[in-house]
1. Any idea what the alpha-carbon Rg over 2.2 N^0.38 Å comes to for the range 2-71?
2. Treating the Cα atoms of the range 56-132 as identical point scatterers in vacuum, please give the log10 of the normalised Debye intensity I(q)/I(0) at q = 0.16, 0.18 Å⁻¹, two decimals.
3. Based on the Cβ-Cβ distance of Asp114 and Asp42, what FRET efficiency does E = 1/(1 + (r/R0)^6) give at R0 = 30 Å, to the nearest 0.05?
4. Say each of Asp147 and Glu67 gets a label point 7 Å from the Cα, pointing the same way as Cα to Cβ; how far apart are those two points in nm?
5. Computed over the Cα atoms, what is the radius of gyration of the range 30-169 divided by 2.2 N^0.38 Å, N being its residue count?
6. Keeping all protein chains in place, calculate the accessible area per residue for the range 12-91 (probe 1.4 angstrom), answer in Å².
7. How large, in percent, is the carbon and sulfur part of the accessible surface of the range 49-117 at a probe radius of 1.4 Å?
Amino acid sequence: MSLNNFIPQIWSARLLENLNKNHVFVNLCNRNYEGEIKGHGDQVKINSIGRITIGDYSKNTDISAPETLNDAQRILLINQGKYFHFQIDDIDKVQQQPKVMDEAMREASYELTDACDSYIASFYTEAQEINCIGDDANPTTLSAATDAYNMLVRVSVKLDEANVTRGGR
């Protein structure tokens, strides 16, 4: 005879968190205007000034007349919309151990970010030739740590040549 009925069943008080990939493209985007967006179809007008000319200075000589600033404007069209929708029954909400709402919201946030990351990555095909290393005929592959280092050096040179700011690289 065995005492199988005396072995307790234990439920963990913690949820197993999904191992999610890191998002690359979303983290490279300027997100300064998110708070100004009200809904799908909005247009955000983003103003900027043009480049300012730098001249050589010579002591005791007149400098040129002041430059008139140029402005520019870009339109950010909000033409993409995503959503998530789930429910937790009121009775389940009370009886749950552990509570799942926080983890469900974290997972929903990840999935929204993943959809954005995939969308932004789809623009990669529009990258200018000068910004590419390798091509379809000669794809770049990495086989050793030195290859990875050398690739990072090549990418850094490309960024420098394109005058990309060093901050946030």
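1. 2.82
2. Debye intensities relative to I(0), on a log10 scale: -0.87, -0.95.
3. Calculated value: 0.80.
4. Spacing of the two 7 Å Cα→Cβ label points: 4.5 nm.
5. 1.70
6. The answer is 100 Å² per residue.
7. About 52 percent, which is the carbon plus sulfur part of the accessible surface.
The values are calculated or read from the model by the stated rules, or taken from the named source; none is laboratory data. Computed from a predicted structure; not experimentally measured. When we count neighbours, we look across all protein chains shown, and the Cβ atoms used for this are built from the backbone with ideal geometry, even at glycine. With ligands, DNA and RNA removed, areas are computed over all heavy atoms of the protein, side chains included. Shrake-Rupley method; radii C 1.70, N 1.55, O 1.52, S 1.80 Å.
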